[in-house]
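*Asks:* Dumping the structure here so I can ask a few things about it.
The values are calculated or read from the model by the stated rules, or taken from the named source; none is laboratory data. Here the structure is a predicted model, which is why all the values come from computation and not from measurement. Please note: Cβ atoms are built from the backbone with ideal geometry, for glycine as well, and neighbour counts cover all protein chains shown. With ligands, DNA and RNA removed, areas are computed over all heavy atoms of the protein, side chains included. Shrake-Rupley method; radii C 1.70, N 1.55, O 1.52, S 1.80 Å.
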Amino acid sequence: MSTQKKRNFQIEAFKHRVVVDPKYAEKTWNILEHAIHEIYNHNASGLSFEELYRNAYNMVLHKFGEKLYSGLVTTMTMHLREISKSIEDAQGGSFLEELNRKWADHNKALQMIRDILMYMDRTFIPSTHKTPVHALGLNLWRDNIIHSSNIQTRLLNTLLDLVQEERTGEIIDRWLVRNVIMMLMDLGSAVYQEDFEKHFLNVSANFYSVESQQFIECCDCGDYLKKAERRLNEEMERVSQYLDPSSEAKITNVVEKEMIANHMHRLVHMENSGLVNMLVDDKYEDLGRMYSLFRRVPDGLSLIRDVMTSHIRDTGRQLVTDPEKSRNPVDFVQRLLDEKDKNDKIISMAFNNDKTFQNALNSSFEYFINLNPRSPEFISLFVDEKLRKGLKGYSEEDVEVVLDKVMMLFRYLQEKDVFEKYYKQHLAKRLLSGKTVSDDAERSLIVKLKTECGYQFTSKLEGMFTDMKTSQDTMHGFHASQATNLGDGPTLVVQVLTTGSWPTQPSPTCNLPTEILGVCEKFRMYYLGTHTGRRLSWQTNMGTADLKATFGKGQKHELNVSTYQMCILMLFNNADRLSYKEIEQATEIPASDLKRSLQSLALIKGKNVLRKEPMSKDIGEDDAFFFNDKFTSKFIKLKINTVNAQKESEPEKQETRQRVEEDRKPQVEAAIVRIMKSRRVLDHNNIVAEVTKQLQSRFLPNPVVIKKRIESLIEREFLERDKVDRKLYRYLA
């Protein structure tokens, strides 16, 4: 099969010259020029656009593109100058209408012209880097109309006057203004910005500067903020209605600067209506408005936060340092909780739950709650009050709410170990007297404390509950073993407390009545017989007793009293009158406890089973006491509470503080050893910083105490000082 020869084809020019009419270009342009005139004169309906397109196409094809382009510029410029005169002649409100109408006509004309000259737009213009037809039409409009000396300033002033009218409450033709603004944007963002926006922003700044000054002189803070918010919303609406979206941030910045930033210090501190007044009066709406406006300006929120923090700290300082308000611990803590609830609600409802405000609130509470050294004791007393009787009738959810609030205050305490000391004492009294509202509530609080501070914090508290359960089992065994021996004698119920778990202090045992001593000895023998290696010591200061008493006319009552009160009352089985000193000598009850017991037996109306002479509120060493034969009560069973020394006396406070300080020493030493064991060598300042960091969840250790503990560890050869640098310590393995 033979291969075919490859053929090359070539297109050659005509052999003869194509002769073009020398007047072709002029004639064709005249046709196109006439068409452009007709278009601008609204007579385009009689034109053949197909024929006009072909003419423009042929002119470009025959290399007359330059003539076509320059002719277009000249013709359009001529028409635009005529349009300019028409717009200039428009009077008053018809000026913008005429401008808008002519702009719409020009756009239509431009569309038709661009369709006719499409071929030139696609070929000649790109190759010669000239401006496309549509852009050319816009540029010519800009130069001949918008930048005309008689129109430019007039247009700007008209637009600014309309904005001013609207700001003063008049109704304007927004549609017309919007069209004119869109025209400026169509001519290029630079035209919009230079010919309108820049001047608009300057005029607005002046307007709001003057207006804000007028407002602040005559309005209170709340009203001023309402006006500022309204103005801000108006400007944002104005942008959405007829300005370019890019102007929103700029005009809002102007309003924010002139109406808020420039006056925010004066607004916040405004007398009788500023931020502090709003906080005091719970003006959530005004506070929310201030927050939303101030967050828009630099340092606005930090100013609110600083003033709020200062106010909370001042209020809190007054709460915790006022001696009058510290008289009742329960009221003291309740005021703190109310203050916290009040501020939490403000932050939630007005400040959008802002974390920075919440942190400021927490730091403020931590600051002032620790100004009162008795805060840990008072919080424990508050818990004691609630768990004794204050939560009766509460639902489980309500109890949890109260306990969570207590835990919130607990977190602010720097001396959590002091709270632990008091809480342990109060819990012991509740458990031993059976006065707790709910074991579940008690355990719930211990779980919360354990979660917050760890197992070590609550191990002894949990041990107290274990002892109570074990004691029940012990008493069942004792009563079972003594079933035949007890007869009609007194019934004994004993709680056996583990020494390390309970806050028991060695207290002198008072002289118990003979009837009681016998049964106590029986229990001691039983207990030591069933438990080896243990020792029992009676805590008579913590017990209670039920007595049957017969008064005048044979009236009988059952009295629930403390062990001390029982010892006192039993003396009156053998005497009608006893002096204070005789009672003291017979019972050997400590003086302070004896006086409180006698007060509750002789001075409380309705429970005065004893009579005192002379009658007075206080117990004196020369007083005499009588069995009150005339005592009557409508109740068969009477509970006679000992007058409560709710707050510690000064010596007791010092003793508690001393015990706390002693308990801290081994904790500080343990922290120092842990740190030095891992670091091996460390300087004094870093040891203090590390120890403080480790122990701050329980208490803030005093640097002096840390130094003394270091000295003690050096003496016991756990650490040594560096021989060169005396501030450097080394761990001795």
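*Asks:* Given the criterion crowded, with 22+ Cβ neighbours inside 10 Å and touching a His at 6+ places or on another chain (Cβ under 7 Å), identify the matching residue among 364, 375, 380.
*Replies:* Of the residues listed, the single one that is crowded, with 22+ Cβ neighbours inside 10 Å and touching a His at 6+ places or on another chain (Cβ under 7 Å) is 380.
*Asks:* If a residue must be among the aromatic types (Phe, Trp, Tyr) and under 16 Å from residue 421 (Cβ atoms), how many such residues does the range 341-386 contain?
*Replies:* 2
*Asks:* I'd like the full set of residues that are modelled with pLDDT of 70 or more, open to solvent by less than 60 Å² (accessible area, probe 1.4 Å) and among the charged types (D, E, K, R), limited to the range 622-658.
*Replies:* Listed by number, the list holds a single entry, 623.
*Asks:* Please specify each residue of the range 700-715 satisfying the condition of being in a helix (DSSP H, G or I) and buried (at least 17 other Cβ atoms within 10 Å of the Cβ).
*Replies:* Once the filter is applied, which keeps residues that are in a helix (DSSP H, G or I) and buried (at least 17 other Cβ atoms within 10 Å of the Cβ), the range 700-715 yields 706, 709, 710, 713.
*Asks:* May I ask you to list the residues in the range 148-165 that are in contact (Cβ under 8 Å) with a residue 12 or more places away in the chain and either of a type in the set (Val, Ile, Thr) or not in a helix (DSSP H, G or I) (or both)?
*Replies:* Within the range 148-165, 148, 150, 151, 158, 163 qualify.
*Asks:* Moving on. Within the range 124-136, how many residues turn out to be in contact (Cβ under 8 Å) with a residue 40 or more places away in the chain and either open to solvent by 50 Å² or more (accessible area, probe 1.4 Å) or in contact with a Gly (Cβ under 6 Å, 6 or more places away or on another chain) (or both)?
*Replies:* Of the residues in that region, 3 qualify.
*Asks:* Follow-up question, since we're still on this one. Is it true that some residue in the range 284-298 is loosely packed, with under 14 Cβ neighbours inside 10 Å and out of contact with any helix residue (DSSP H, G or I) (no Cβ under 9 Å at 6 or more places or on another chain)?
*Replies:* No, every residue in the range 284-298 fails to be loosely packed, with under 14 Cβ neighbours inside 10 Å and out of contact with any helix residue (DSSP H, G or I) (no Cβ under 9 Å at 6 or more places or on another chain).
*Asks:* Continuing with this model, one more query. Has the range 457-470 got at least one residue that is touching a residue at least 60 places away in the same chain (Cβ under 8 Å) and either charged (D, E, K, R) or open to solvent by 50 Å² or more (accessible area, probe 1.4 Å) (or both)?
*Replies:* No; the residues of the range 457-470 include none that is touching a residue at least 60 places away in the same chain (Cβ under 8 Å) and either charged (D, E, K, R) or open to solvent by 50 Å² or more (accessible area, probe 1.4 Å) (or both).
*Asks:* I would also like to ask the following. State the number of residues belonging to the range 322-340 that are open to solvent by less than 60 Å² (accessible area, probe 1.4 Å) and assigned to a helix (DSSP H, G or I).
*Replies:* Qualifying residue count for the region: 8.
*Asks:* Continuing with this model, one more query. Identify all residues within the range 677-699 that are in contact with a helix residue (DSSP H, G or I) (Cβ under 7 Å, 6 or more places away or on another chain), not in a strand (DSSP E or B) and not basic (Lys, Arg); write none if there are none.
*Replies:* Correct list: 687, 688, 690, 691, 694, 695, 697, 699.
*Asks:* Please work out which residue is surrounded by the most Cβ atoms within 10 Å (Cβ to Cβ), limiting yourself to the range 18-56 and to residues that are under 21 Å from residue 135 (Cβ atoms) and among the aromatic types (Phe, Trp, Tyr).
*Replies:* Once the filter is applied, the top-ranked residue is 40.
*Asks:* Here's another thing I want to ask about it. If you check 562, 592, 597, which single one turns out to be open to solvent by 50 Å² or more (accessible area, probe 1.4 Å), within 57 Å of the chain's Cα centre (by Cα) and on the phi < 0 side of the Ramachandran plot?
*Replies:* Exactly one residue qualifies, and that residue is 592.
*Asks:* Here's another thing I want to ask about it. Would you kindly identify the helices (runs of 4 or more DSSP H) lying entirely within the range 166-284 that contain at least 3 residues that are farther than 26 Å from residue 312 by Cβ?
*Replies:* 174-186, 189-192, 198-218, 221-242, 247-255
*Asks:* When the range 480-498 is examined, which residues are found to be modelled with pLDDT of 75 or more, open to solvent by 60 Å² or more (accessible area, probe 1.4 Å) and either farther than 18 Å from residue 540 by Cβ or not in a loop (DSSP other than H, G, I, E, B) (or both)?
*Replies:* Within the range 480-498, 480, 498 qualify.
*Asks:* Out of curiosity, is residue 267 touching a Phe, Trp or Tyr at 6+ places or on another chain (Cβ under 9 Å), closer than 20 Å to residue 96 by Cα, without any contact (Cβ under 8 Å) to a residue 60 or more places away in the chain and open to solvent by less than 20 Å² (accessible area, probe 1.4 Å)?
*Replies:* no
*Asks:* Test residue 181 against the criterion of being surrounded by 18 or more Cβ atoms within 10 Å (Cβ to Cβ) and of a type outside the set (S, T, N, Q), and give yes or no.
*Replies:* yes
*Asks:* Quick check on the range 287-336: of everything there that is touching a residue at least 60 places away in the same chain (Cβ under 8 Å) and hydroxyl-bearing (Ser, Thr, Tyr), which residue is nearest to residue 249 (Cα to Cα)?
*Replies:* Ranking the candidates gives 292 first.
*Asks:* Can I ask one more? Please work out which residue is nearest to residue 560 (Cα to Cα), limiting yourself to the range 440-452 and to residues that are touching a residue at least 24 places away in the same chain (Cβ under 8 Å) and surrounded by fewer than 18 Cβ atoms within 10 Å (Cβ to Cβ).
*Replies:* 440
*Asks:* While we're looking at this one, here's another question. In the range 559-603, what residues are in a helix (DSSP H, G or I), more than 19 Å from residue 545 (Cβ to Cβ) and not charged (D, E, K, R)?
*Replies:* Of everything in the range 559-603, those that are in a helix (DSSP H, G or I), more than 19 Å from residue 545 (Cβ to Cβ) and not charged (D, E, K, R) turn out to be 580, 585, 591, 592.
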